[in-house]
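K.L.:
Dropping the structure in here first, questions after.
FYI, it's all coordinate maths here, none of it is from the lab. The structure displayed is predicted, hence computed values, not measured ones. Cβ placement follows ideal geometry from the backbone for every residue including glycine, while neighbour counts extend to all protein chains displayed.
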Amino acid sequence: MRFELEPFNRSVSDEDLLSDLVTAAETLKAAGKSLTFRNYREVGKYGPSTINDRFGSWNNALRKAGLALAEEKNVPVDVLFDNLRLVWIAKGKQPVYRDMNGPPSQYTGSTYNARFGGWRKALEEFVATVTEEQELLTTPEARQPPKQTGRRTNRDPSLSLRFLVLKRDCFRCTACGRSPATHAGLILEIDHVIAWSKGGETIAENLQSLCFDCNRGKSAT
Ligand SMILES: [Zn+2]
């Protein structure tokens, strides 16, 4: 791989970046190639890192440009599992294969297939990992980090902990009972029962699932 500085592209508009992606996709398609980060470097006008930085991720940029996501290889399993957590949380239930091909998923179902040897296998490995995490996060040590170490937990729960709390609450708001599974687009958040600012720790026992509205006291119910 060549080592070179990216061109200075900060002043380029989003539209210019996206339209060059479309052009690059056509050029590559004619050559029988797909628009990956690496291939874009060969035919694109701009640095692929510039596009990544601007849109948050390569796949986000492709989506914005209206291009199909390429199947990506060698994505770390942790990253694929985090993506699966985010999709699961957004859906409020176990995602199906096609859920992975649209937002908020960053990786296609076929990426999971390729990595795990099938969608079902990917889910099985994911569930095994979550089960292990659940055991780790509910050990006496994990439940009482402040008393043991004298330090406080971080205010923001990790994605793993968020997922476990939501799973425990059946992906439903503990106040109004709604779930993204039954109310499309509902956003579930994690709330501290005893506020972190009042000494409440970021541990499963002090966390609850609330929807966006209930968490801001705006719910009609
Ligand atoms: Zn609610």
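K.L.:
What's the long-distance tail for region 14-64, i.e. % of Cα pairs beyond 19 Å? If you can, show how the numbers build up before the last one.
P.N.:
Numbers: 156 of 1275 pairs.
Tail of the P(r) past 19 Å holds 12 percent of the pairs.
K.L.:
Suppose only helical runs count, i.e. DSSP H with n ≥ 4. What mean residue ellipticity at 222 nm does that imply for the chain under -39500 (n - 2.57) per run, divided by all residues and rounded to the nearest 500 deg cm²/dmol? List each step's numbers first, then the result.
P.N.:
Values: 11 runs with 104 residues, N = 221.
After summing the helix terms and dividing by residue count, I get -13500 deg cm²/dmol.
K.L.:
Hey, another quick one. By what distance, in whole Å, do the Cα atoms of the chain stretch along each of the three principal axes, largest value first?
P.N.:
Largest first, the chain extends 58, 41, 39 Å along its Cα principal axes.
K.L.:
Across region 192-202, in residue order, what do the Karplus-derived ³J(HN,Hα) couplings come to in whole Hz, using 6.51 cos²θ - 1.76 cosθ + 1.60 with θ = phi - 60° and x for Gly and Pro?
P.N.:
So the Karplus estimates, Gly and Pro as x, are 7, 5, 9, 3, 4, 5, 9, x, x, 8, 8 Hz.
K.L.:
What translational D, rounded to a whole number of µm²/s, comes out for region 77-135 from Stokes-Einstein when the hydrodynamic radius is the Kirkwood one over Cα pairs, at 25 °C and 0.890 mPa s? Don't skip to the end; give the middle numbers.
P.N.:
On the way: Rh = 11.3 Å.
This corresponds to a translational diffusion coefficient of 217 µm²/s.
K.L.:
Using each residue's phi in region 205-212, evaluate 6.51 cos²θ - 1.76 cosθ + 1.60 at θ = phi - 60° and report the 3J(HN,Hα) Karplus result to the nearest Hz, with x for Gly and Pro.
P.N.:
Going residue by residue, I get 5, 9, 10, 9, 8, 9, 6, 3 Hz, with x marking Gly and Pro.
K.L.:
Within 10 Å of each residue's Cβ, count the other Cβ atoms and sort Tyr107, Tyr112 from fewest upward.
P.N.:
On the way: Tyr107 21, Tyr112 28.
Result, fewest neighbours first: Tyr107, Tyr112.
K.L.:
Could you give me the ³J(HN,Hα) list for region 169-186, computed from phi with Karplus coefficients 6.51, -1.76, 1.60 and θ = phi - 60°, whole Hz, x at Gly and Pro?
P.N.:
My calculation for region 169-186 gives 8, 6, 6, 10, 5, 6, 8, 9, x, 6, 9, x, 5, 10, 10, 4, x, 5 Hz in order.
K.L.:
Which value, in debye to the nearest 20, gives the size of the charge dipole of the chain about its Cα centre, when Lys and Arg are +1 and Asp and Glu are -1 at the Cβ? Walk me through the intermediate numbers first.
P.N.:
Numbers: 31 positive and 27 negative charges, 71 e Å.
Roughly 340 debye, rounded to the nearest 20.
K.L.:
Considering lysine pairs in the chain that are 8 or more places apart or on different chains, how many have Cα atoms under 25 Å apart?
P.N.:
Close lysine pairs found across the chain: 21.
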